[in-house]
1. Over the chain, what is the relative contact order in percent, taking alpha-carbon pairs closer than 8 angstrom and at least six residues apart?
2. Would you kindly calculate the mean projected area, averaged across all directions, of the convex hull enclosing the Cα atoms of the chain, in square nanometres?
3. Taking only Cα atoms, what is the 0 to 90° angle, nearest 10, from helix 164-174's long axis to the longest principal axis of the chain?
4. Once the Cα atoms of helix 23-32 and of the chain are each reduced to a long axis, what angle between those two axes, in degrees from 0 to 90 to the nearest 10, is obtained?
5. Using the Kirkwood radius over Cα pairs, work out the Stokes-Einstein diffusion coefficient for the stretch 106-177 at 10 °C and 1.306 mPa s, in µm²/s as a whole number.
6. FRET efficiency for residue 19 and residue 177, Cβ-Cβ distance as r, R0 = 25 Å, nearest 0.05?
7. Grab the alpha carbons of the stretch 58-160, take their convex hull, and tell me the volume per residue in Å³.
8. How many angstrom separate the Cα center of the stretch 97-162 from the Cα center of the stretch 36-55?
Amino acid sequence: MAHHKEERTLVIIKPDGLQRTLVGEIIGRYEKIGLKLVGMKMVKASSEHIDKHYNLDPMWRKNVGEKSIKGYLDKGLTPPSNDPLVIAQIVVDALKKYMSAGPLIAMVWQGGNAVKIVRKITGGTEPLTSDVGTIRGDFVLDSYAMADKDSRAIRNLIHASGSVKEAEDEIAHWFKKEELFNYELINEAILYGIEL
Ligand code: ADP
Ligand code: MG
């Protein structure tokens, strides 16, 4: 089994992150927690590439629909549909438009608990309820209700893989093997070394 410091996750700064000029701020947060950048590129994604990205995990549609419905019910609001798959199709269509609207930055970050640590500092999907101190909680104000009212995707600056398996599939979807780098970072001796 690979050493825990070899866990990798995919992060995408979505087109709104670039437009908000938050690229440096966002990258800085992942750097500062101790993760290592092992791949990065600027891409204008096609709507087919985005469609495929959100269909890599067969369970994702059900999950995104259920999460949205819960987001409404938790606030005492009525969801636009009670069928998670109906909501998911609306979300996928909106995401194809949003994610291919302009250039984005795709990155692979590596380190101990990379997937969960990135999700933690990125914050929950809906900026209205993302924790203060997370990237989404600090820099964006959108909500399910705002997005759905205008039939658009929630603007939340970042995509981050949800599990190690999702990360592996997503990294393969966005990066060729030769675009990812193996190198030592001085920090790693302090983060993982056994000499201390
Ligand atoms: P996350 O990006 O936090 O992993 P999901 O994978 O559940 O969230 O959803 C993917 C993206 O789809 C979200 O980041 C958001 O931009 C958008 N989204 C999710 N649910 C909705 C919704 N109900 N209405 C509009 N956009 C949504
Ligand atoms: Mg997700």
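1. 35
2. On the way: hull surface 47.1 nm².
For the chain, averaging the hull's shadow over all directions gives 11.8 nm².
3. 90
4. Its long axis makes an angle of about 50 degrees.
5. Estimated diffusion coefficient is 120 µm²/s.
6. 0.20
7. Hull volume over Cα atoms, normalised by residue count, gives 116 Å³.
8. 15
Laboratory data are not the source of any read-out in this text; all were calculated from the coordinates shown. This one's a predicted model, so the numbers in the text were calculated from it and none came from an experiment. Heads up, the Cβs are rebuilt from the backbone with ideal geometry, glycines too, and the neighbour counts pull from every protein chain shown.
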